[in-house]
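Input: a single structure, listed below in structure tokens.
What follows draws every value from the coordinates through simple rules; no lab data is involved. Predicted model only: the values in this text are computed from it and were never measured. Here the Cβ is made from the backbone with ideal geometry for all residues, glycine too, and neighbour counts use every protein chain on show.
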Amino acid sequence: MNSNNLDDINEMDETMDLPRVRHTPPSRKKSTHVLKKMTRSALTGWDSIAANIKNFTYQPSRHESEWLMSSLGEFYDQRWFEDILMMVKGGKEASVYLCRSSVQVGVPLIAAKVYRPRRFRNLKNDHIYREGRSQVETDGKIILDDGKLHAMAQKTRFGMELLHESWLGHEYKTMELLAKAGADIPRPYASGANAILMQYIGDEVAAAPTLNTISLSSTEARVLFERVVHNIDVCLKAGRIHADLSAYNILYWQGEISLIDFPQAIHPDENRNAYRIFQRDVLRVCEYFAGQGVHSDPLGLARQLWLAQGRRIAPEIDPLYLDPEKREDRRAWEKQGRS
Ligand SMILES: Nc1ncnc2c1ncn2[C@@H]1O[C@H](COP(=O)(O)OP(=O)(O)O)[C@@H](O)[C@H]1O
Ligand SMILES: [Mg+2]
């Protein structure tokens, strides 16, 4: 691969505008979602959290308080947690809180990732990441309803709400899948319309820092580099590419790493840009570790990991996704025949 291609990867978010493809055929596999048995009316839980929020250790501002009550009320009601101890990280798009869990949860602390209502509205070129992905509701069910799919395609207000929930549902399902596959990620516990509960990495005093803020000894850097590469491989085997992997989305705690932040994860065989997105992930990881004294060949490594699983570098597009009426799709088909 030459340097132009590398530039392409880095510029991808700014420049890509590919023809859309149809949805993957919906799978009817049952979801193991924690909240699947809940009725809609039980989902708010506003009253009980509203009565108790003033006693929480962490005291949110008034505006934040309403947002927290609507996003976390259902979990409070179900006794996932009894106190919010601190905000781990607040952002324009999502904030993560440390909560003290209720005894029956079995672990003392949990993390709640709460999304801003418009978290996914500004995601650049979101269709690149949504390609080949079924839209799921927050309870993990795949959206089959034509009206809903149309609303999402048209990005009506209702459609945007569904898209928001679908990104969140996708992040949660991805975490479930990767945890099962043995990846080093926080264990996902539950998800709602606007929040995900997961294993907290850190202790009561401080949350685990992200790797970009850490300087490693050369021995530890080598060990952790290999661990991250192992995780990239585990994810790929499980049919996922993180798609926003970098030292900013890797936590470091007591000599171990955890990958976080999965809403953009893609399937390696269902996205035409999969290999380039995969290369970008590998490249960003290698860049951080190069700064820690671990030198590697990022493109060679990406290639090796990809080919080791029997994938082609120019993955074929399933004819199911090609529309013979579209010139660019016909061209892709011809090109594929030649490769
Ligand atoms: N399970 C967790 N345990 C401890 N801290 C976490 C956890 N998940 C996220 N964080 C912290 O919250 C920040 C934001 O989370 P992240 O999932 O990366 O969302 P985003 O980058 O979209 O805001 C992370 O950089 C990290 O500092
Ligand atoms: Mg992040």
Dipole moment magnitude, nearest 20 debye, the range 149-247 about Cα centre, only Lys, Arg, Asp, Glu C-beta charged: 340 debye
Amide hydrogen neighbours beyond the local backbone of R187, cut-off 5 Å, H modeled: Q199
Label-point separation, H267 to R330 (7 Å along Cα→Cβ), nm: 2.8 nm
Most to least packed among 239-248, 296-305 [average Cβ atoms within 10 Å]: 239-248, 296-305
Two-site label geometry, D297 and Y248: point separation in nm, points 7 Å out along Cα→Cβ: 3.0 nm
Long-range HN-HN contacts of I142 with modeled amide H, under 5 Å: E137
Amide H contacts of Q264 (H built 1.01 Å from N, under 5 Å, at least 5 apart or other chain): none
Karplus-derived HN-Hα couplings along the range 97-107 (A = 6.51, B = -1.76, C = 1.60, θ = phi - 60°), whole Hz, x at Gly and Pro: 10, 9, 10, 8, 7, 6, 3, 5, 5, x, 10
Linear extension gain, W46 paired with V223, 0.36 nm per residue minus alpha-carbon span: 59.1 nm
Residue order, fewest to most surrounding Cβ atoms within 10 angstrom, among H230, H267: H230, H267
Calculated from backbone phi, Karplus (6.51, -1.76, 1.60) coupling profile of the range 248-256 in Hz, x at Gly/Pro: 6, 10, 10, 8, 10, 8, 6, x, 10
Extension reserve of the E93-Q309 stretch, reckoned as 0.36 nm per residue once the Cα distance is removed: 74.2 nm
